[in-house]
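Structure first, then comments.
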């Protein structure tokens, strides 16, 4: 199946230290991104939403700056073209404004649907953190 790469930036009025745990920890992601997020004994993240479980590993991490989750099928470990979600916290040096860059590489939706989904998710995140 052909994958689609969606990229969008969202202005966030908070600090990196407040925002980052919501992007990188199971408890933080459970508050806004999925119904629940757990971590198994292999340190795999299990995202629970829409009655399904989605497995992911952190493949890139720079505290307070960047995290990337690589999704995989635990029953098909041979697959190589995994979907992923990447969160980057970027700062406009002139205005000191923080932006959350979302990169969603998946085969699920077109850009219009993904934009609507991410707009709603990030709006919910902003309500939680007050940003």
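Computed from the coordinates by the stated procedures, all read-outs in this text should not be read as laboratory data. Only a predicted model underlies this, so the values are computations on that prediction, with no experimental measurement involved. For neighbour counting, all protein chains shown are included, and Cβ atoms are generated from backbone atoms with ideal geometry for every residue, glycine included.
Estimated purely from DSSP H runs of n ≥ 4, each contributing -39500 (n - 2.57), the mean residue ellipticity at 222 nm for the chain is -8000 deg cm²/dmol once divided by its residues.
How high is the FRET efficiency between residue 49 and residue 99 when r is their beta carbon distance and R₀ equals 22 Å, given to the nearest 0.05? Efficiency at R0 = 22 Å is approximately 0.30.
How many Å³ per residue does the convex hull of the Cα positions in the chain occupy? Don't skip to the answer; put the middle values down first.
On the way: hull volume 15.3 nm³, N = 131.
Measuring per residue, one finds 117 Å³ for the Cα hull of the chain.
Short-range pairs are left out: with C-alpha atoms under 8 Å and at least six residues apart, the relative contact order of the range 4-129 is 29 percent. What's the angle, to the nearest 10 degrees (0 to 90), between helix 111-129's Cα axis and the longest principal axis of the chain? Here the helix axis deviates by roughly 60 degrees. Write down, largest first, the equivalent ellipsoid semi-axes of the range 55-113 in whole Å, where each equals the square root of 5 times an eigenvalue of the alpha-carbon gyration tensor. Its equivalent ellipsoid spans semi-axes of 28, 15, 6 Å. Taking label positions 7 Å along the Cα-Cβ direction at both residue 124 and residue 5, the computed distance is 2.7 nm, reported to one decimal.
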